[in-house]
Amino acid sequence: MQLPETLLKSLNDQIALELSSAYAYFGMAAWFEHQALTGFATWMKLQGKEELGHAKKFYEYVIDRGGRVQLQALGQPVQEFASPLAVFEASLAHEQKVSAAICAIHEAAGNAKDYATQSFLKWFLDEQVEEEKTVNEMIGRLRLIGDSRPGLFQLDREAARRAEAEK
Ligand code: FEO
């Protein structure tokens, strides 16, 4: 089963997108560290680590299908944010971009009758639902607490616990 050339290009682009996701999350983590919100920083570092895992899954898949991995340059991630809410909103926008990219590859794989790639992408489609849900929940809670500092510290502690539980 030869990997179609267009899909190979999309899969290599996806490796870059997943690595940029990791970079974006480490940028967010660094901002949280600077704000002394170490729970959110831990959450973002864990998220970044997961993205490296996603990139590796795409990398291995390209190799498994006999394709050549071609790495790309990564842009500098955003490291300045207006608020914790702005960070999570940026995270959601990023995840929505990743979801759209995975859906587009899934569709292209269907058009190319490359059912193996569709099967491989199933895990990512499920993962994106979960990731968007988790980020959306945090956005809802940050909106709920508004400017409350005690509320923010409470959420920061909870973020640390969630990250700890998923390690
Ligand atoms: Fe690998 Fe969060 O998408």
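Short version: ³J(HN,Hα) in whole Hz for each residue of segment 99-114, in order, from phi by Karplus 6.51 cos²θ - 1.76 cosθ + 1.60 (θ = phi - 60°), x for Gly and Pro, what are they?
4, 4, 5, 5, 4, 5, 5, 4, 5, 5, 5, x, 4, 8, 6, 9
Which pairs, out of LYS9/LYS49; LYS56/LYS113; LYS9/LYS97; LYS9/LYS45, put more than 20 Å between their alpha-carbon atoms? Can you show the working numbers first?
Numbers: LYS9/LYS49 24 Å; LYS56/LYS113 24 Å; LYS9/LYS97 17 Å; LYS9/LYS45 28 Å.
Violating the 20 Å limit, Cα to Cα: LYS9/LYS49; LYS56/LYS113; LYS9/LYS45.
Going highest first, how would you order 88-95, 132-139, 109-116 by mean Cβ packing within 10 Å? Please list the in-between numbers first.
Working: 88-95: 19.4, 132-139: 16.0, 109-116: 14.4.
Ranking, from highest mean packing down: 88-95, 132-139, 109-116.
Quick one: which residues, 5+ away or cross-chain, put their amide H under 5 Å from the amide H of ALA112? H built at 1.01 Å from N.
Answer set, sorted by chain and number: none.
Within 10 Å, count the other beta carbons around each residue, average over each peptide in 142-150, 16-24, and list them highest first.
Descending mean neighbour count gives 16-24, 142-150.
Give the distance, in whole Å, between the Cα centre of segment 132-166 and the Cα centre of segment 67-82.
26
Please turn the phi angles of segment 125-136 into ³J(HN,Hα) values with the Karplus equation 6.51 cos²θ - 1.76 cosθ + 1.60 (θ = phi - 60°), one per residue in order, whole Hz, x for glycine and proline.
Karplus-based 3J(HN,Hα) across segment 125-136 equals 4, 5, 4, 5, 4, 5, 5, 5, 4, 4, 5, 4 Hz.
Relative to the present Cα-Cα distance, how much length would full extension add between GLU132 and ALA116 at 0.36 nm per residue of separation? Provide the component values of the computation, followed by the final result.
Details: separation 16, 0.36 × 16 = 5.76 nm, distance 2.52 nm.
The GLU132-ALA116 span can extend by a further 3.2 nm.
For the chain, just list the percent of Cα-Cα distances falling in each 5 Å bin from zero outward, please.
The calculated distribution, bin by bin, is 2, 9, 17, 21, 17, 12, 9, 7, 4, 2, 1, 0.
Let me have the 222 nm mean residue ellipticity of the chain computed from DSSP H runs of 4+ only, each contributing -39500 (n - 2.57), with the sum over all residues rounded to the nearest 500. Before the final figure, lay out the partial values.
Details: 5 runs with 133 residues, N = 167.
Here the helix-only value at 222 nm equals -28500 deg cm²/dmol.
Would you please put 3-11, 78-86 in order of how densely packed they are, using the mean number of other Cβ atoms within 10 angstrom per residue and starting with the highest? Mind dumping the intermediate values first?
Numbers: 3-11: 17.4, 78-86: 14.3.
Descending packing order for the listed peptides: 3-11, 78-86.
Taken together, the values in this text are just the output of simple stated rules run on the coordinates, not laboratory data. No experiment lies behind these values; they were computed from the predicted model shown. All Cβ positions, even for glycine, are placed from backbone atoms using ideal geometry, and neighbour counts span all protein chains on display.
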